[in-house]
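Here's the structure we're looking at; comments come further down.
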Amino acid sequence: MKIAIVVGSDSDLKYAQEASEVLKSFDIPHEIFILSAHRTPYETIDLAKNAEKEYSVIIAMAGKAAHLPGIIASVTTLPVIGVPISASLNGLDSLLSICQMPTGVPVATMTIDGAKNAALFAIEILSLNNQNLREKLAKYKDDLRKAVLDKNKKLREG
């Protein structure tokens, strides 16, 4: 039960760190890699082809052409979660590159710069076979609910 986080460039590391913080809060082991679909294609494919030996889910983050999640998904049967990064065109180019995958090569696509949601979605996948993790997720969501209700109460009390 380990997650690989792959970013296409060191400029994307801040998003990897956001995902890492979420994973740490749930005690999920993970590793971060900098690999590029275009500049290190052989190494990227090697990681993806061998990922099943060590990882359960892969989160791949990329900007601009953003082919990283797709190239990873093309050579693994693990779930791949793509995070489009707003490196140019406000991230729309990245979003379209990641979500327009051909039939047979699925990539779950998060919102632009949605690293935290990618981590949470990966945790939801892992929780399918882990009751303890499912309970932590339920508490997390209940805490979110309580935070909103607290804000509403403070607003109403003025």
Checklist entry - What tally of residues in the stretch 108-158 results from selecting those that are outside any helix (DSSP H, G or I) and surrounded by 10 or more Cβ atoms within 10 Å (Cβ to Cβ)? => result 9
Item to check | the stretch 64-91, subset more than 17 Å from the chain's Cα centre (by Cα) and in a helix (DSSP H, G or I), residue nearest to residue 38 (Cα to Cα) | outcome: 89
Checklist entry - Going through the stretch 1-25 one residue at a time, which ones are outside any helix (DSSP H, G or I), hydrophobic (A, V, I, L, M, F, W, C) and over 12 Å from the mean Cα position of the chain (by Cα)? => result 1
Checklist entry - Could you give every pair whose Cβ atoms fall below 6 Å, whose first residue belongs to the stretch 19-45 and is within 17 Å of residue 126 (Cβ to Cβ) and in the same structural domain as residue 123 (by TED's automatic domain parsing), and whose second residue is exposed (fewer than 15 other Cβ atoms within 10 Å of the Cβ) and not aromatic (Phe, Trp, Tyr), counting only separations of at least 6 or pairs across chains? => result 29/2
Checklist entry - Is the stretch 14-21 home to any residue that is under 22 Å from residue 136 (Cβ atoms) and touching a Phe, Trp or Tyr at 6+ places or on another chain (Cβ under 6 Å)? => result no
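This table checks each residue for (1) touching a residue at least 60 places away in the same chain (Cβ under 8 Å); (2) in contact with a strand residue (DSSP E or B) (Cβ under 7 Å, 6 or more places away or on another chain); (3) assigned by TED's automatic domain parsing to the domain that holds residue 57.
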| position | (1), (2), (3) |
| --- | --- |
| 90 | no, no, yes |
| 93 | no, no, yes |
| 100 | no, no, yes |
| 103 | no, no, yes |
| 108 | no, yes, yes |
| 111 | no, no, yes |
| 114 | no, yes, yes |
| 122 | yes, yes, yes |
| 139 | no, no, no |
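The values are calculated or read from the model by the stated rules, or taken from the named source; none is laboratory data. As the structure is a prediction and not an experimental result, all values here were calculated from the model. Ideal geometry is used to build each Cβ from the backbone, glycine not excepted, and the neighbour counts take in all protein chains shown.
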